[in-house]
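Coordinate-derived values only; no laboratory data. It should be emphasised that the depicted structure is a prediction, and the values quoted were computed from it without experimental measurement. All Cβ positions, even for glycine, are placed from backbone atoms using ideal geometry, and neighbour counts span all protein chains on display.
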Amino acid sequence: MLKFIHLTDTHLVAPGRALYGIDPAWRLRQAVQSINAEQGDAAFVVVTGDLAHWGEAEAYAALREELRALTMPVHLLVGNHDDRGRFLQAFDDAPITADGFVQSSFMAGGIQHVLLDTNHPGVSWGEFCSARAQWLAQELASHTHPVHLFIHHPPCAVGIAAMDRISLRDPGPLREALEPHRGRIRHLFFGHLHRPIAGSWRGIPLSTVRATNHQVALELGNTVRVPGSLEPPQYAVVLADDEKTIVHFHDFGDRSPRFDL
């Protein structure tokens, strides 16, 4: 069975700074230590965007150093908080398309894992243009395996109004690229929302987890502001084989007592 980790929204800042009273690098370090100690047999880690909060070069350098400690490969997406150019300077081995987008695909456990780029400079919502969609359509057409998709912005509203306004602005190109292959799409993993959420979109199962630094509070009726919180951070442990994809949400900082039942 394939095992991998879904981590998201690390929001690193320049060393010596805090974000909402927390050092994001310290929080990410806790996640890395937990992954190595508790999930060391995982095949890889995927981080679904918002790697740096202000897109600073120093933040990406700090991120690179923190991720070096992982004992398995890591695959990175960019989100709306990211600066694609500065990210690529720090991670000059990151795969990009001919159009310069941070998109890639790899096989593991008999499943095609496809990483997408929804970053559009200067805005908080996601964009998925025709060039990105054409790459996705070609990539999916080149395989017949089951598919795991990874994206930063969710392609649909989730009921948190302030966040729904800054989700994927136009999911049409994504929807059209996926439609011929919808029966093969096993799961869609996304970030951006800083909450444990699961559901489906057009019959495709999807999920996300809390961020490593700060969270979005569950206020479904809030239409004006983004409600923040300091709920415990998470990562997801994903198990997949020929028949299923299972997602476990792990509050890695939880220190509550454990005992046999």
Exercise. So which pairs qualify, if the first residue must be in region 118-138 and in contact (Cβ under 8 Å) with a residue 24 or more places away in the chain and of a type in the set (A, V, I, L, M), the second must be in a helix (DSSP H, G or I) and surrounded by 15 or more Cβ atoms within 10 Å (Cβ to Cβ), the Cβ gap must be under 8 Å, and the two must be at least 6 apart or on different chains?
Worked result: Ala133/Pro173; Ala133/Leu174; Ala133/Ala177; Leu136/Leu174; Leu136/Ala177; Leu136/Leu178; Ala137/Ala177
Exercise. Listed residues Gly228, Gly221; which is out of contact with any strand residue (DSSP E or B) (no Cβ under 7 Å at 6 or more places or on another chain) and touching a residue at least 12 places away in the same chain (Cβ under 8 Å)?
Worked result: Gly221
Problem set entry | Every residue from region 155-200 that is closer than 26 Å to His143 by Cα, free of Cβ contacts under 8 Å to residues at least 24 places away in the same chain and among the small types (Gly, Ala, Ser) | Gly172, Gly183, Ser200
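Here's a check for you: in region 139-156, which residue that is in a loop (DSSP other than H, G, I, E, B) and under 17 Å from the mean Cα position of the chain (by Cα) is surrounded by the fewest Cβ atoms within 10 Å (Cβ to Cβ)?
Within region 139-156, the subset in a loop (DSSP other than H, G, I, E, B) is 142-146, 152-156.
Going one step further and asking which of them are under 17 Å from the mean Cα position of the chain (by Cα), we end up with 152-156.
Numbers: His152: 30, His153: 28, Pro154: 24, Pro155: 23, Cys156: 17.
Going through the qualifying residues, I end up with Cys156.
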Seminar exercise, completed: Within region 1-31, the residues that are touching a Gly at 6+ places or on another chain (Cβ under 8 Å) and either part of a strand (DSSP E or B) or free of Cβ contacts under 8 Å to residues at least 40 places away in the same chain (or both) are Leu2
Exercise. How many residues does region 203-236 contain that are within 16 Å of Gly191 (Cβ to Cβ), of a type in the set (Val, Ile, Thr) and in contact with a His (Cβ under 8 Å, 6 or more places away or on another chain)?
Worked result: 4
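Going residue by residue through region 76-89, is there one that turns out to be outside any loop (DSSP other than H, G, I, E, B), free of Cβ contacts under 8 Å to residues at least 12 places away in the same chain and under 22 Å from His152 (Cα atoms)? Show your work before the answer.
Filtering region 76-89 down to residues outside any loop (DSSP other than H, G, I, E, B) leaves 76-77, 84-89.
Imposing the further condition that a residue be free of Cβ contacts under 8 Å to residues at least 12 places away in the same chain reduces the set to 85.
Of the ones still in play, those that are also under 22 Å from His152 (Cα atoms) are 85.
The answer is yes, given that some residue of region 76-89 is outside any loop (DSSP other than H, G, I, E, B), free of Cβ contacts under 8 Å to residues at least 12 places away in the same chain and under 22 Å from His152 (Cα atoms).
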Exercise. Out of the residues in region 214-241 that are among the charged types (D, E, K, R) and surrounded by 10 or more Cβ atoms within 10 Å (Cβ to Cβ), which is nearest to Thr10 (Cα to Cα)?
Worked result: Glu231
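On the basis of being crowded, with 19+ Cβ neighbours inside 10 Å, free of Cβ contacts under 8 Å to residues at least 40 places away in the same chain and within 18 Å of the chain's Cα centre (by Cα), does Ile246 make the cut?
Values: crowded, with 19+ Cβ neighbours inside 10 Å: no; free of Cβ contacts under 8 Å to residues at least 40 places away in the same chain: yes; within 18 Å of the chain's Cα centre (by Cα): yes.
Criteria not met by Ile246.
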Exercise. Which of (1) assigned to a helix (DSSP H, G or I); (2) surrounded by 18 or more Cβ atoms within 10 Å (Cβ to Cβ); (3) touching a strand residue (DSSP E or B) at 6+ places or on another chain (Cβ under 8 Å) is the odd one out, the single condition Trp135 does not satisfy?
Worked result: (3)
Exercise. Could you say whether any residue in region 165-186 is assigned to a loop (DSSP other than H, G, I, E, B), surrounded by 15 or more Cβ atoms within 10 Å (Cβ to Cβ), touching a Ser or Thr at 6+ places or on another chain (Cβ under 7 Å) and not hydrophobic (A, V, I, L, M, F, W, C)?
Worked result: no
Seminar exercise, completed: Counted residues in region 123-167 being closer than 30 Å to Asn222 by Cβ and acidic (Asp, Glu) come to 2
Exercise. If you check Ala90, Ala98, Ala52, which single one turns out to be surrounded by fewer than 16 Cβ atoms within 10 Å (Cβ to Cβ) and among the aliphatic types (A, V, I, L, M)?
Worked result: Ala98
